[in-house]
Amino acid sequence: MAKKKIDLTPAILILPAFILVVCVIIYPIISAVVTSFRYYRLTDILNTKFIGFDNYIKVWSDDAFIASLPNTFKWVAATVISQFIIGLTLALFLNRPFKGRGIVRSLSLVPWVTPGVVIALIWTWIYNGNFGVLNDILIKLGLISAKIPWLSNADTALNSQIVTMVWQGIPFFMIMLLASLQTVPSDLYEAAVIDGTSVIQRFRYITWPHILPTVISTCMLRVIWVFNNVEVLYLMTQGGPGYNSMTISLNAYIQAQKSLNFGYGSAIAVYGTLMMIAFMILYRSITKRFIEEE
Amino acid sequence: MKMKRILLIALAVFMCTSLIASGSSESKEEKPTVTYWYWEDIQGKHVEMLADRWKEYTDDIELILEPIPAGNFHDRLITAVSSGTAPDVFQMYTDWIPELVGLGALEDLTGKFDDWEYIDEVPDYMIDLAYAGYDRMYTFPRSVLTMYLYCRTDYFEEIGMDYPKTMDEFYEAAEKLTRDLDGDGVIDTYGFGMRGATNGHSMWSSLVFNAKPGFDYFDEDGNAQLMDPAIIEANQKYIDMYKNGWVPPTAPTDGFNEILQNFRAGVTGMLYHHVGSSKTVTESLGDNVVAVPLPAGEGGVFGVQEVTNFGIYSGSKNKEAALIFLKWINSPEIQSVICEELQQVPWLESVQKMDKFQDNVFFKASIESLPDSHLLPITTTMSQFTNMAWPQNFQRALLGEITGEEMLQNLNDVLNGV
Amino acid sequence: MVGRKSIAERLSYILLILIVAFIVIPYIWTFITSLKDTHELYSTTVSYLPKDPTLDNYIELFTTTDFFPAMGRSLVIAFLTAFIAVIVSSLAAYGFARYSFRGRHVILNGILLLYMFPTVLYLTPLFLVFRQIGILGTSWCLLISNCTFTIPFSISLLTTYIHGIPKELEEAAEIDGAGLPQRLVRIVFPLLKPGVVATASYVFISAWNEYLFAVMFTSSATRTLTVSLASLVGQYDIRWDMISAGAVTAIIPVVIIFLVFQRNLVEGMTAGAVKG
């Protein structure tokens with residue numbers, strides 16, 4: 001099809017998606033980036049003015065933003081890594097036949113179809129410091145002696161929410177990895193079993209190289225989603241206590257949607273985006289080497 | 001495979017019907033409509049009741065009731081105003097007045113109620129609330145709630161103390177009510193339900209600002225004055241309640257729902273709130289609960305009012321109709337029903353005198369304390385203070401991440417718009 | 001599998017049970033909570049079996065709130081979003097997969113780049129866009145925004161699938177005189193079915209779970225399930241019992257759909273995974 005004339009067919013095919021993306025994503029992004037250079041508060045809209053990089057500079061003297069940097073890293077890294085490990089384990093199990101496999105597979109999809117709002121609410125109730133079931137179970141098992149206020153303690157608030165987010169993300173990893181596992185040709189395993197290799201060796205030399213591309217792309221998607229997630233954090237602790245569970249996206253959300261300080265909130269979000277892009281470039285160059293080695 | 005097909009057909013039918021159903025509700029009449037935004041409580045009956053009564057009252061104006069989740073009300077309203085899509089009438093807190101006035105969103109209601117048949121029944125302090133320090137009246141009162149202390153009668157008997165009248169007694173009670181009842185080394189009851197999440201500042205100011213006579217957030221020149229030595233000391237005592245373990249360890253993130261649940265379940269012995277929770281509390285605790293006035297500090301009692309108002313949107317096309325609605329919803333008949341249903345303090349004199357409010361100790365206590373309680377300040381910096389600065393700084397002070405003094409300094413800066 | 005079980009295998013089953021318990025217990029607990037009355041709910045001694053199980057919470061939820069209408073709207077929006085997003089994205093994906101033109105890679109990468117912008121950034125500008133075109137407060141806002149935000153991932157998923165469909169089939173059809181629309185309908189779409197199922201599921205779930213747009217763009221008459229459930233966190237009360245009842249009921253329709261399509265879902269993902 002290379003050199004005929006100019007073929008307009010692909011343009012026509014892509015056009016609907018293109019129009020939607022431009023109107024609903026690109027235009028708002030540009031408009032938000034422009035806003036990030038302005039003093040723009042909905043509560044004080046008559047004083048809207050261009051202020052250059054002021055918002056971007058102000059960010060660095062904002063305690064909430066400073067606190068959100070390590071929190072964001074922990075939130076994303078701990079969540080995605082745990083989701084991946086549990087999701088992979090589950091997928092490995094579900095890839096072999098056993099009694100009740102269908103049920104387990106169906107059950108483990110449930111968190112995925114549960115809206116984030118509902119997830120935040122049911123887990124808040126589980127973590128409740130006075131009536132929550134988690135404390136009760138742990139006390140009955142003798143693991144703790146007094147009730148722990150999970151969402152009110154500086155050192156447990158973020159971790160508790162990470163557990164919630166892990167729970168939510170297991171199914172997506174599971175299904176992506178399971179799909180990938182099912183494409184590993186079974187004769188490879190059979191040959192390896194005959195050669196007398198161990199389970200670990202088979203995983204290392206057959207399974208892992210095969211699923212690696214899926215692992216890499218799924219992790220990347222999850223990193224983006226977890227990074228951008230605000231509803232779970234907002235509904236569970238609003239970033240508290242203090243700033244102990246504040247992340248970059250949540251801070252941007254609270255500033256823009258709750259304090260209605262849209263210029264400042266946009267500036268934070270732009271920082272977040274830049275960090276994300278930097279991370280992705282790094283991630284891609286590292287993972288590329290990984291794949292080549294395998 | 002059949003199953004799938006059936007399911008698909010069922011879904012298709014369902015979708016079509018629901019689309020048709022949603023499209024058929026357009027009305028053809030030309031009569032004026034009034035859209036009313038209110039924050040949503042679970043009390044759906046209140047809305048149905050209002051709608052029915054309105055239909056009985058008049059057929060000429062169509063009323064559209066629009067419930068908005070309480071947690072999103074402020075941002076939804078401001079966003080709607082700045083995009084020109086605000087409702088004709090809406091509920092609002094008094095401290096939103098400066099923002100809304102700044103946006104030019106509030107219709108000037110000065111003089112609009114002069115011909116109202118019940119205007120003589122409105123107490124002066126309610127008119128003051130309606131003006132909220134401005135020289136024009138931009139809002140009309142909806143409800144006013146005054147804070148008091150709920151105490152567990154049985155718990156106080158057990159510790160052999162009277163209900164606290166002073167701050168010293170309050171802290172003493174908090175300490176004594178913190179008990180390990182069954183001797184297993186785990187605390188079973190705590191003294192007080194401290195609210196560390198959003199809106200906990202009203203409780204905080206009641207129990208801290210009473211340390212100095214005549215103290216309030218701002219001095220006469222409008223500068224925040226939280227860095228007062230007496231306040232710094234009182235603030236530290238308040239924070240120490242958490243450090244001493246006299247309040248539940250969940251205090252930093254406890255909101256109103258949590259402190260209410262704790263009090264209902266007997267986890268705490270004292271609860272700071274208003275008549276709005278009296279029904280729930282008595283339902284759970286029966287005669288074991290009593291309402292007493294707030295404890296006094298060196299500077300007397302610092303009572304706090306929670307005031308909600310009605311505003312009419314300046315861009316509304318149906319201002320006249322909206323005004324008729326406001327006059328109707330504040331009429332004695334409707335006010336008495338709303339106050340009873342939603343547990344709010346009536347403020348029209350004839351309604352206050354009704355037996356159902358005079359015979360109820362909780363209502364009576366509220367009505368009596370109405371004239372002397374404070375309104376939290378109304379400035380443009382207040383919503384930033386309420387929604388973010390106060391909870392974040394207070395929580396950090398509780399957790400020991402900053403000192404009480406640093407907390408007050410940060411809050412002072414926010415209030416002064418630094 | 002061999003009949004004899006080694007210790008390692010037993011241990012691995014314990015691990016499986018732990019994982020499944022982690023996934024399931026929150027839901028079981030939610031279900032138990034939904035059967036309790038308020039008094040039992042706020043009792044300091046946690047009860048694991050409701051002493052006096054009641055369906056009152058469900059009845060109250062169904063009769064006094066807009067739970068069912070909101071769930072209906074959520075389902076309709078999720079279905080329509082999936083339908084539209086799949087069509088729009090598969091056309092685009094076909095364009096990307098089958099034609100080579102200048103800037104193809106730039107656009108493909110650019111689309112993925114869009115993912116990195118936090119949703120927070122769009123909310124207010126999008127709100128203003130919707131107001132400008134006069135659809136604010138209607139379900140159209142959600143349809144359009146949900147659809148668009150799932151398009152980038154859908155395109156990248158579907159492009160992979162289309163690469164997996166042999167070109168030869170189409171070329172044969174083209175020789176027989178079939179135009180592009182016919183080829184798409186007769187050859188590409190049928191072969192694309194697993195990919196469509198996977199993509200549609202992804203879009204459906206994203207739209208079903210969506211909250212931030214819904215809470216901003218809808219009115220009380222058009223609000224979705226997530227907003228309706230979140231509004232149970234009231235100003236003066238938070239109804240954990242009703243929220244639990246809502247959480248239990250809310251997943252039923254989606255679970256049914258997924259039980260039916262589950263196999264296709266994994267198959268669909270598998271087909272996509274071949275190319276990785």
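The values are calculated or read from the model by the stated rules, or taken from the named source; none is laboratory data. Since this is a predicted model, take the numbers as computed values, not measurements. Counting neighbours? That spans all protein chains shown, and the Cβs are built from the backbone with ideal geometry, glycine included. Note: accessible area is taken over every heavy atom of the protein model, side chains too, but ligands, DNA and RNA are not part of it. Shrake-Rupley method; radii C 1.70, N 1.55, O 1.52, S 1.80 Å.
Give the residues of the range C:40-58 that are more than 12 Å from chain A (Cβ to nearest Cβ) and exposed (fewer than 14 other Cβ atoms within 10 Å of the Cβ), sorted by residue number.
At the first step, the residues of the range C:40-58 found to be more than 12 Å from chain A (Cβ to nearest Cβ) are C:49-58.
Passing the criteria: C:Leu49, C:Lys51, C:Asp52, C:Pro53, C:Leu55.
For (1) out of contact with any Leu (no Cβ under 9 Å at 6 or more places or on another chain); (2) at pLDDT 90 or above; (3) away from chain A (no Cβ under 14 Å); (4) open to solvent by 10 Å² or more (accessible area, probe 1.4 Å), each residue gets a yes or a no:
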| residue | (1), (2), (3), (4) |
| --- | --- |
| B:Thr166 | yes, yes, yes, yes |
| B:Arg195 | yes, yes, no, yes |
| B:Thr198 | yes, no, no, yes |
| B:Lys212 | yes, no, yes, yes |
| B:Ile232 | no, yes, yes, yes |
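So, A:Leu13, is that one at the interface with chain C (Cβ under 9 Å from one of its Cβ atoms), in contact with a Leu (Cβ under 6 Å, 6 or more places away or on another chain) and part of a helix (DSSP H, G or I) or not?
Numbers: at the interface with chain C (Cβ under 9 Å from one of its Cβ atoms): yes; in contact with a Leu (Cβ under 6 Å, 6 or more places away or on another chain): yes; part of a helix (DSSP H, G or I): yes.
Here the answer is yes, as A:Leu13 does meet what is asked.
A:Ile268 versus (1) surrounded by fewer than 17 Cβ atoms within 10 Å (Cβ to Cβ); (2) facing chain C (nearest Cβ under 9 Å): which is the lone unmet condition?
Result: A:Ile268 fails condition (1) only.
With respect to C:Arg183, is the statement that it is basic (Lys, Arg) and either under 20 Å from the mean Cα position of the chain (by Cα) or surrounded by fewer than 17 Cβ atoms within 10 Å (Cβ to Cβ) (or both) true?
Working: basic (Lys, Arg): yes; either under 20 Å from the mean Cα position of the chain (by Cα) or surrounded by fewer than 17 Cβ atoms within 10 Å (Cβ to Cβ) (or both): no.
When the stated conditions are applied, C:Arg183 does not pass them.
For the range A:212-243, how many residues are more than 17 Å from A:Leu121 (Cβ to Cβ) and within 11 Å of chain C (Cβ to nearest Cβ)?
Within the range A:212-243, residues that are more than 17 Å from A:Leu121 (Cβ to Cβ) and within 11 Å of chain C (Cβ to nearest Cβ) number 14.
Can you spot a residue in the range A:81-90 that is modelled with pLDDT of 90 or more and touching a Lys or Arg at 6+ places or on another chain (Cβ under 6 Å)? First the steps, then the outcome.
To start, the set of residues in the range A:81-90 that are modelled with pLDDT of 90 or more comprises A:81-90.
Checking the rest, the ones that are also touching a Lys or Arg at 6+ places or on another chain (Cβ under 6 Å) come to none.
No.
Can you list the helices (runs of 4 or more DSSP H) lying wholly within the range A:46-162 that have 1 or more residues being within 22 Å of the chain's Cα centre (by Cα)? So that I can check it myself, show each step before the final result.
Numbers: elements: A:54-58, A:63-94, A:101-107, A:116-127, A:133-140.
Where helices (runs of 4 or more DSSP H) fall fully within the range A:46-162 and carry at least 1 residues being within 22 Å of the chain's Cα centre (by Cα), they are A:63-94, A:101-107, A:116-127.
Which helices (runs of 4 or more DSSP H) does the range C:116-176 wholly contain that include 3 or more residues that are over 30 Å from A:Arg41 (Cβ atoms) and in contact (Cβ under 8 Å) with a residue 40 or more places away in the chain?
On the way: elements: C:119-132, C:139-164, C:167-175.
Answer list for the range C:116-176: C:139-164.
Scan (1) assigned to a helix (DSSP H, G or I); (2) under 29 Å from B:Val290 (Cβ atoms) for the single condition B:Glu233 breaks and write down its number.
Failed condition: (2).
Do the conditions hold for A:Ser285, that is, is it at pLDDT 85 or above and not in a helix (DSSP H, G or I)? Show your work before the answer.
Numbers: at pLDDT 85 or above: yes; not in a helix (DSSP H, G or I): no.
Criteria not met by A:Ser285.
So which residues in the range C:25-52 are under 32 Å from the mean Cα position of the chain (by Cα) and not in a loop (DSSP other than H, G, I, E, B), if there are any at all?
C:Ile25, C:Pro26, C:Tyr27, C:Ile28, C:Trp29, C:Thr30, C:Phe31, C:Ile32, C:Thr33, C:Ser34, C:Leu41
So which residues in the range C:59-72 are open to solvent by 10 Å² or more (accessible area, probe 1.4 Å) and either over 21 Å from the mean Cα position of the chain (by Cα) or more than 29 Å from C:Lys36 (Cβ to Cβ) (or both), if there are any at all?
C:Ile59, C:Glu60, C:Phe62, C:Thr63, C:Thr64, C:Thr65, C:Asp66
If you go through the range A:127-140 one residue at a time, do you hit one that is more than 8 Å from every other protein chain (Cβ to nearest Cβ), over 30 Å from B:Pro249 (Cα atoms) and aliphatic (A, V, I, L, M)?
no
Failed condition for B:Thr85, given (1) over 29 Å from A:Leu42 (Cβ atoms); (2) surrounded by fewer than 21 Cβ atoms within 10 Å (Cβ to Cβ); (3) touching a strand residue (DSSP E or B) at 6+ places or on another chain (Cβ under 9 Å), with all others met?
Unmet condition: (1).
Rundown of residues vs (1) surrounded by fewer than 20 Cβ atoms within 10 Å (Cβ to Cβ); (2) within 24 Å of B:Ala80 (Cα to Cα); (3) at the interface with chain A (Cβ under 9 Å from one of its Cβ atoms), yes/no style:
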{"position": "C:Thr124", "(1), (2), (3)": "no, yes, yes"}
{"position": "C:Phe130", "(1), (2), (3)": "no, yes, no"}
{"position": "C:Gly134", "(1), (2), (3)": "yes, yes, no"}
{"position": "C:Gly137", "(1), (2), (3)": "yes, yes, no"}
{"position": "C:Cys141", "(1), (2), (3)": "no, yes, no"}
{"position": "C:Ser145", "(1), (2), (3)": "no, yes, yes"}
{"position": "C:Thr150", "(1), (2), (3)": "no, no, no"}
{"position": "C:Ile155", "(1), (2), (3)": "no, no, yes"}
{"position": "C:Leu158", "(1), (2), (3)": "no, no, no"}
